[in-house]
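Student: Could you have a look at this structure, given as C-alpha cells, before my questions?
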Amino acid sequence: MGANSSSLSELPENEYLKKLSGAEAISENDPFWNQLLSFSFTTPTNSAELKLLEEATISVCKSLVENNPRSGNLGALIKVFLSRTKELKISAECQNHVFIWQAHNALFIICCLLKVFISQMTEEELQLHFTYEERTPGLYGVEHEDLIEELLCCLIQLIVEIPLLDITYSISLEAVTTLIVFLSCQLFHKEILRESIIHKYLMHGRCLPYTSRLVKTLLYNFIRQERSPPPGTHVFQQQTDGGGLLYGIASGVATGLWTVFTLGGVGSKPTPQQEQSSPLANQSLLLLVVLANLTDAPDSPNPYKQAIMSFKNTQDSTAFPSPSPHAFQINFNSLYTALCEQQKSDQATLLLYMLLHQNSNVRTYMLARTDMENLVLPILEILYHVEERNSHHVYMALIILLILTEDDGFNRSVHEVDKYLHTNCLAALANMSAQFRSLHQYAAQRIISLFSLLSKKHNKVLEQATQSLRGSLSSDDSPLPDYAQDLNVIEEVIRMMLEIINSCLANSLHHNPNLVYALLYKRDLFEQFRTHPSFQDVMQNIDLVISFFSSRLEQAGAELSVERVLEIIKQGAVALPKDRLRKFPELKFKYVEEEQPEEFFIPYVWSLVYNSAVALYWNPHDIQLFTMDSG
C-alpha cells in the first residue's frame with residue numbers, strides 16, 4: 001500500500017494518519033504536514049457519504065483522542081491551518097490553487113476530528129485538548145494563546161473576507177460547517193445550553209466585532225444560492241498539454257495520502273440534485289438560524305439576534321437608532337426574492353418567520369410589496385401539502401399568515417390570491433374577514449363546509465355527554481369523561497367561524513354574493529345556534545341575512561337557476577338597509593410569542609441541522625436533545 005491510500009478500507013492503516021493520531025509530537029514546521037494535506041477528493045455532500053468516511057476513520061480518531069494529551073497534535077494541526085489562512089485572501093486573488101487546496105484539506109480534517117471530540121467529551125474536556133502542547137523549560141506560567149477562540153475568529157474572518165470563487169467555494173463551505181460543528185454541543189444535551197464556552201467565545205471578545213458582517217455574509221450566501229462548482233475545481237486543473245508546472249507539483253505531493261479517494265470521483269458528473277442545490281446557501285442558512293437562537297448571556301443579549309432584528313434596506317437612508325451596534329444594510333429586494341423561492345425548506349420558512357416577527361424594517365417592506373402573492377402562495381402550498389410536511393414547518397407557515405393578517409393593507413390586497421386552513425389560520429381569516437372581497441364560490445363553500453363539520457362534531461359530543469350522564473345515574477363506579485371541556489373547545493371554534501361570517505356580512509355583504517349563496521344553501525345548519533346562549537349575539541346578523549334573502553327568493557318563484565339566484569342576491573344586497581345589520585367591534589387576533597420560545601425553537605433549529613441533506617452525520621444513539629418528530 002505504501003503511502004498511497006486508494007480506498008476507504010485502507011485509511012485506518014495509512015502511515016500519515018497513524019502518525020497524526022500517534023503519541024509522537026509533530027512540530028508545526030515538520031514537512032509531514034505538506035504530505036498529510038496533499039490529498040484530493042470531492043467533499044461529501046450528504047450524511048450517507050460522511051458516515052462512510054467516519055466509519056472508516058473511527059480507529060484513527062479514537063487513537064488521537066487517547067494520544068493528544070501527550071502529543072498535542074490536534075493543536076499543531078490547527079496552528080498549521082491558522083498559519084496558512086493568513087495568506088488565503090492573496091491566494092484567492094492570485095488563483096493559487098495549491099495553497100487553497102491544502103488549507104481546505106487541513107480544515108476538513110479539523111472539522112471531522114472536532115465532530116468526534118464534541119460527541120465524546122464535555123466542553124471543558126474539549127477545551128483541555130486545545131491547550132495541550134509541549135512545555136519548554138523555564139516557560140511555565142507564561143500565558144498561552146487560546147486556540148479555540150483563535151480558530152473561531154479565523155473561521156469567521158475566512159467566511160466574511162475571502163471572495164467567493166470556484167476555487168474558494170469548498171473552503172468557505174467547510175468554514176461554515178465547522179462553525180456549526182463547534183456549536184453542535186447542544187445536540188448532546190437534553191436541556192437547552194444557557195451557558196456554553198463556545199457561545200461565550202462567539203458573543204464576546206475577538207469574535208464580537210464581526211457579528212454584523214457574519215450575519216450579512218450568511219444572508220447573502222442564502223440570497224445568491226451559488227451552486228457548488230464542478231468536483232475538483234478547488235484542487236488543480238490539468239493543462240491541455242497534459243501537464244504544466246502547477247499540475248506537476250500538485251500531483252506529485254498528492255501521492256502522500258489518498259490520491260484517488262473521491263467518494264464520487266474528481267471530475268465525475270454531478271447528479272441532478274447536486275446541480276440544483278447550493279450546499280453553501282443551505283449550510284449558511286442553518287448556521288444563521290443557529291446563531292440567532294443562541295440563548296442570551298447573563299450580562300448581554302445575543303448579538304446575532306440583535307443583528308437580525310435591526311438590519312435595514314440598502315435603499316433606506318435614515319440613520320440607525322443609536323443603540324444598534326450590530327446593525328447593517330442589505331438589499332431587501334434580493335432577500336425577498338430568495339425567501340419567495342426557497343419556502344420548500346423548513347429553515348427558509350423559519351428565517352421568514354424570524355424576520356417578520358423580529359425585524360420591523362423587513363416586515364414593513366414586505367407588507368408594502370405589490371406582489372405579495374409571490375410570498376403567500378408558497379406558504380399556502382406548505383399548508384395545502386400538509387401531509388408532506390412536518391408539524392413544525394406547518395406551524396411556522398400558520399404563524400407567518402397570522403402575522404401578515406394583522407395588517408389591514410395586507411388583508412385588502414391579499415384577496416387577489418386564494419387562501420384557507422385551521423385554528424391559527426381561522427384567526428388569520430378572522431383578521432381578514434372585514435375586508436373580504438369577491439370570495440370565490442369554492443372559498444365560500446369551504447367556509448360553510450367547515451362550519452358544517454364543526455356542527456356535526458358539536459352534536460356528536462353533546463349526544464355522548466347526554467348518554468354518559470344517563471349512564472352515570474345507574475352506576476357510581478366509572479368516572480365521567482370530560483365532555484364539558486370538549487364542548488367548550490368546539491364552541492370556541494364555532495363562535496370564531498360565526499364571527500368570521502358575521503364580520504364579512506356586516507362589512508362587505510354586497511362584495512360577496514357567493515358567501516350569501518352558500519349560507520342560503522345550508523341555512524338549516526344555523527337553526528340550532530339561533531337560540532344558543534353562546535351564539536345569540538353573533539347570530540343576529542346571520543339570521544337576518546338568511547331571512548331577508550330567503551324571502552326574496554320565495555317571491556321570485558321555484559326552479560331558479562344558479563345564475564338567477566346570484567342575480568337576486570346581488571340585487572338584494574343593494575336593497576338591504578345597512579342600518580339593519582348590527583355592528584360589532586372589528587376582529588383582530590395577534591400572534592403572541594411564548595414566554596420561553598427557546599423551548600420550541602432551539603430543539604427545532606437543531607432538528608433542522610440534524611436532518612439537513614448536507615449537514616454532518618451524527619450517530620442518533622448519541623443524540624440526547626434530538627426529540628423533534630419528523631412528520
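The values are calculated or read from the model by the stated rules, or taken from the named source; none is laboratory data. Everything numeric here is computed off the predicted structure, so don't read it as measured data. Here the Cβ is made from the backbone with ideal geometry for all residues, glycine too, and neighbour counts use every protein chain on show. Heads up: the accessible areas ignore ligands, DNA and RNA and are worked out on the full protein's heavy atoms, side chains in. Shrake-Rupley method; radii C 1.70, N 1.55, O 1.52, S 1.80 Å.
Student: Name the residue, out of Asp524, Asp537, that is within 17 Å of Ile447 (Cα to Cα), out of contact with any Leu (no Cβ under 8 Å at 6 or more places or on another chain) and of a type in the set (Asp, Glu). Explain how you work it out, then say what you get.
Tutor: Numbers: Asp537 fails: within 17 Å of Ile447 (Cα to Cα).
Answer to the selection: Asp524.
Student: Based on what the data block shows, is Arg194 among the charged types (D, E, K, R), under 19 Å from Asn293 (Cα atoms) and surrounded by fewer than 20 Cβ atoms within 10 Å (Cβ to Cβ)?
Tutor: Working: among the charged types (D, E, K, R): yes; under 19 Å from Asn293 (Cα atoms): yes; surrounded by fewer than 20 Cβ atoms within 10 Å (Cβ to Cβ): yes.
Answer is yes for this residue.
Student: Another question about this same structure. Within segment 84-127, restricting attention to residues that are open to solvent by less than 20 Å² (accessible area, probe 1.4 Å) and closer than 18 Å to Leu187 by Cα, which residue is farthest from the chain's Cα centre (by Cα)?
Tutor: Of all residues in segment 84-127, those open to solvent by less than 20 Å² (accessible area, probe 1.4 Å) come to 88, 91-92, 100-111, 113-115, 117-118, 126.
Those still in the list that are closer than 18 Å to Leu187 by Cα too: 111, 113-115, 117-118, 126.
Numbers: Cys111: 23, Leu113: 26, Leu114: 24, Lys115: 22, Phe117: 26, Ile118: 23, Leu126: 28 Å.
For segment 84-127, the residue satisfying everything is Leu126.
Student: I'm checking my understanding of the structure. Among residues of segment 359-390 that are open to solvent by 60 Å² or more (accessible area, probe 1.4 Å), in a helix (DSSP H, G or I) and in contact (Cβ under 8 Å) with a residue 40 or more places away in the chain, which one is nearest to Asp408 (Cα to Cα)?
Tutor: Going through the qualifying residues, I end up with Arg363.
Student: Let me ask something additional. Could you please find all residues in segment 545-567 being hydrophobic (A, V, I, L, M, F, W, C) and over 17 Å from Asn514 (Cα atoms)? Give the steps one after another, and end with the answer.
Tutor: Kept after step one, since they are hydrophobic (A, V, I, L, M, F, W, C), are these residues of segment 545-567: 545-546, 548-549, 553, 556, 558, 560, 562, 565-566.
Within segment 545-567, Ala556, Ala558 qualify.
Student: Go through Ser300, Ser317, Ser324 for me and flag whichever is within 26 Å of Ser184 (Cα to Cα) and either aromatic (Phe, Trp, Tyr) or surrounded by fewer than 24 Cβ atoms within 10 Å (Cβ to Cβ) (or both).
Tutor: After applying the criteria, what remains is Ser300.
Student: Of all residues being at pLDDT 75 or above and assigned to a loop (DSSP other than H, G, I, E, B) in segment 588-622, which is least open to solvent (accessible area, probe 1.4 Å)? Just the residue, please. Write out each step before concluding.
Tutor: Residues of segment 588-622 that are at pLDDT 75 or above, as a first pass: 588, 590, 601-609.
Okay, now just the ones that are also assigned to a loop (DSSP other than H, G, I, E, B), so 588, 590.
Values: Lys588: 76, Lys590: 129 Å².
Per the stated criteria, the residue is Lys588.
Student: In the list Ala558, Ala573, which residue meets the criterion of being out of contact with any strand residue (DSSP E or B) (no Cβ under 8 Å at 6 or more places or on another chain) and in a helix (DSSP H, G or I)?
Tutor: Numbers: Ala558 fails: in a helix (DSSP H, G or I).
That would be Ala573, the only listed residue that is out of contact with any strand residue (DSSP E or B) (no Cβ under 8 Å at 6 or more places or on another chain) and in a helix (DSSP H, G or I).
Here is a yes/no grid of residues against (1) modelled with pLDDT under 90; (2) assigned to a helix (DSSP H, G or I); (3) touching a Leu at 6+ places or on another chain (Cβ under 9 Å); (4) crowded, with 16+ Cβ neighbours inside 10 Å:
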site	(1), (2), (3), (4)
Met1	yes, no, no, no
Glu10	yes, yes, no, no
Tyr16	yes, yes, yes, yes
Glu24	no, no, no, no
Phe41	yes, no, yes, yes
Lys51	yes, yes, no, no
Val60	yes, yes, yes, yes
Ile78	no, yes, yes, yes
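Student: Counting only residues that are surrounded by 15 or more Cβ atoms within 10 Å (Cβ to Cβ) and more than 13 Å from Ala518 (Cβ to Cβ), which one in segment 438-461 is nearest to the chain's Cα centre (by Cα)?
Tutor: Leu454
Student: How many of the residues making up segment 198-218 are crowded, with 16+ Cβ neighbours inside 10 Å and either modelled with pLDDT under 90 or over 21 Å from Leu147 (Cβ atoms) (or both)?
Tutor: Total meeting the criteria: 7.
Student: Please verify whether Leu401 is free of Cβ contacts under 8 Å to residues at least 60 places away in the same chain, in contact with a Lys or Arg (Cβ under 9 Å, 6 or more places away or on another chain) and open to solvent by less than 10 Å² (accessible area, probe 1.4 Å), treating the condition exactly as stated. Step through it out loud before you land on a result.
Tutor: Values: free of Cβ contacts under 8 Å to residues at least 60 places away in the same chain: yes; in contact with a Lys or Arg (Cβ under 9 Å, 6 or more places away or on another chain): yes; open to solvent by less than 10 Å² (accessible area, probe 1.4 Å): no.
Here the answer is no, as Leu401 does not meet what is asked.
Student: Being in contact with a His (Cβ under 8 Å, 6 or more places away or on another chain) and within 19 Å of Ser324 (Cα to Cα) is the filter here, so list the residues in segment 187-219 that pass it. Break it down stepwise before answering.
Tutor: To start, the set of residues in segment 187-219 that are in contact with a His (Cβ under 8 Å, 6 or more places away or on another chain) comprises 193, 211-212, 215.
Residues satisfying the conditions are Thr211, Ser212, Val215.
Student: State the number of residues belonging to segment 303-314 that are touching a residue at least 40 places away in the same chain (Cβ under 8 Å), open to solvent by 10 Å² or more (accessible area, probe 1.4 Å) and β-branched (Val, Ile, Thr).
Tutor: Within segment 303-314, residues that are touching a residue at least 40 places away in the same chain (Cβ under 8 Å), open to solvent by 10 Å² or more (accessible area, probe 1.4 Å) and β-branched (Val, Ile, Thr) number 0.
Student: Report whether or not Pro585 is farther than 30 Å from Asp407 by Cβ, open to solvent by 40 Å² or more (accessible area, probe 1.4 Å) and outside any helix (DSSP H, G or I). Walk me through it before giving the result.
Tutor: On the way: farther than 30 Å from Asp407 by Cβ: no; open to solvent by 40 Å² or more (accessible area, probe 1.4 Å): yes; outside any helix (DSSP H, G or I): yes.
No; evaluated as a whole, the condition is false for this residue.
Student: Do you know which of the residues in segment 538-563 that are closer than 20 Å to Met497 by Cα and not hydrophobic (A, V, I, L, M, F, W, C) is surrounded by the fewest Cβ atoms within 10 Å (Cβ to Cβ)? Steps first, answer last, please.
Tutor: First, pick out the residues of segment 538-563 that are closer than 20 Å to Met497 by Cα: 538-547.
Subsequent filtering for residues that are not hydrophobic (A, V, I, L, M, F, W, C) retains 540-541, 543, 547.
Values: Gln540: 17, Asn541: 22, Asp543: 16, Ser547: 10.
Looking at the filtered set, the residue picked out is Ser547.
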